[in-house]
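Single-structure report; data block below.
Every number in this text was worked out from the coordinates using simple rules, so none of it is lab data. Keep in mind that what you see is a predicted model, and the values were worked out from it rather than measured. Ideal geometry is used to build each Cβ from the backbone, glycine not excepted, and the neighbour counts take in all protein chains shown.
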Amino acid sequence: MALIPLIDITELPPGTCREVVAAGRVFAVYNVDGQFHALDGICPHAGGPLGKGTLRGGVVTCPWHGWQFHVATGQHCLNSRVCAASYPTELLHGQVCIQLD
Ligand code: FES
């Protein structure tokens with residue numbers, strides 16, 4: 001298990017999201033009222049950038065075709081069979097980090 005730093009918390013105010021490349025992969029990281037969440041940054045529909053979507057409450061809307069996901073779990077809002085990978089987050093030295101296997 002590796003702890004991978006994604007972004008400084010000062011760069012991710014509440015209600016915002018970012019796309020981050022780390023460990024050779026793309027991640028989407030979100031701040032929902034001070035709670036940080038991370039998903040695979042590649043939308044499971046057709047590869048859109050989930051870190052560049054619109055975040056409202058705990059739901060992100062993919063900018064390509066509008067699929068919506070709960071950022072805490074990666075679960076699609078309407079189709080329970082669709083899920084984006086999610087990663088546990090930790091704060092360390094002012095950085096939002098994720099745990100990768
Ligand atoms: S690529 Fe995300 S909704 Fe189509």
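What to note about this one:
- Of all residues making up the range 56-67, the number that are within 24 Å of Leu100 (Cα to Cα) and either near the ligand (Cβ under 9 Å from one of its atoms) or of a type in the set (A, V, I, L, M) (or both): 3
- Residue in the range 28-43 that is under 10 Å from the mean Cα position of the chain (by Cα), more than 10 Å from the ligand (Cβ to nearest atom) and assigned to a loop (DSSP other than H, G, I, E, B) present: yes
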